[in-house]
Amino acid sequence: MLHEADKKLYQRLGIQEPEHIGHITEEDLAKKIKIEANHKWRQRGNKLICECELGNHVAFVPTSKILKGTDENGMPMLTEILT
């Protein structure tokens, strides 16, 4: 917000006051930019590789885990390997 002296200066110079844009919370931002992506996961060694609309990304898992499938949100489900 501008002080009264600053407002008068803008008026005297014939310049429009700057617009104030409030901050947004992380939750609101996440809702606005959420992208629905179809995740296609595969496992190579201890890497989980995902191919989706956002591009390829990798997650590392312990070598004692194996990819079992995906859940309803498209996230990988892992199971423990019995030795």
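The figures follow:
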{"quantity": "Hey, Ala37 of a type in the set (Gly, Ala, Ser) and surrounded by 11 or more Cβ atoms within 10 Å (Cβ to Cβ) or not", "calculated": "yes"}
{"quantity": "Close pairs from the stretch 5-25: first free of Cβ contacts under 8 Å to residues at least 24 places away in the same chain, partner hydroxyl-bearing (Ser, Thr, Tyr) and not in a loop (DSSP other than H, G, I, E, B), Cβ under 6 Å, at least 6 apart", "calculated": "Glu17/Tyr10"}
{"quantity": "Test: residue in the stretch 38-45 that is hydrophobic (A, V, I, L, M, F, W, C) and at pLDDT below 85", "calculated": "no"}
{"quantity": "Subset of the stretch 63-77 [within 25 Å of Lys34 (Cα to Cα) and in a strand (DSSP E or B)]", "calculated": "Gly69, Thr70, Pro76, Met77"}
{"quantity": "Within the stretch 56-72, tally of residues that are farther than 13 Å from Lys40 by Cα and exposed (fewer than 10 other Cβ atoms within 10 Å of the Cβ)", "calculated": "3"}
{"quantity": "Any chance Ile15 is out of contact with any Pro (no Cβ under 6 Å at 6 or more places or on another chain) and surrounded by 10 or more Cβ atoms within 10 Å (Cβ to Cβ)", "calculated": "no"}
{"quantity": "Failed condition for Asp6, given (1) among the acidic types (Asp, Glu); (2) more than 30 Å from Leu78 (Cβ to Cβ); (3) under 15 Å from the mean Cα position of the chain (by Cα)", "calculated": "(3)"}
{"quantity": "Among residues of the stretch 46-66, those that are out of contact with any strand residue (DSSP E or B) (no Cβ under 9 Å at 6 or more places or on another chain) and closer than 12 Å to Pro76 by Cα, counted", "calculated": "0"}
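One line per residue, one yes/no per condition, for (1) under 30 Å from Glu80 (Cβ atoms); (2) of a type in the set (A, V, I, L, M); (3) in contact with a Cys (Cβ under 7 Å, 6 or more places away or on another chain):
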residue	(1), (2), (3)
Lys7	no, no, no
Gly14	no, no, no
Glu17	no, no, no
Gly22	no, no, no
Glu36	no, no, no
Trp41	yes, no, yes
Arg44	yes, no, no
Val58	yes, yes, no
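The values are calculated or read from the model by the stated rules, or taken from the named source; none is laboratory data. The structure presented is a predicted model; accordingly, all values stated were derived computationally and were not measured. Heads up, the Cβs are rebuilt from the backbone with ideal geometry, glycines too, and the neighbour counts pull from every protein chain shown.
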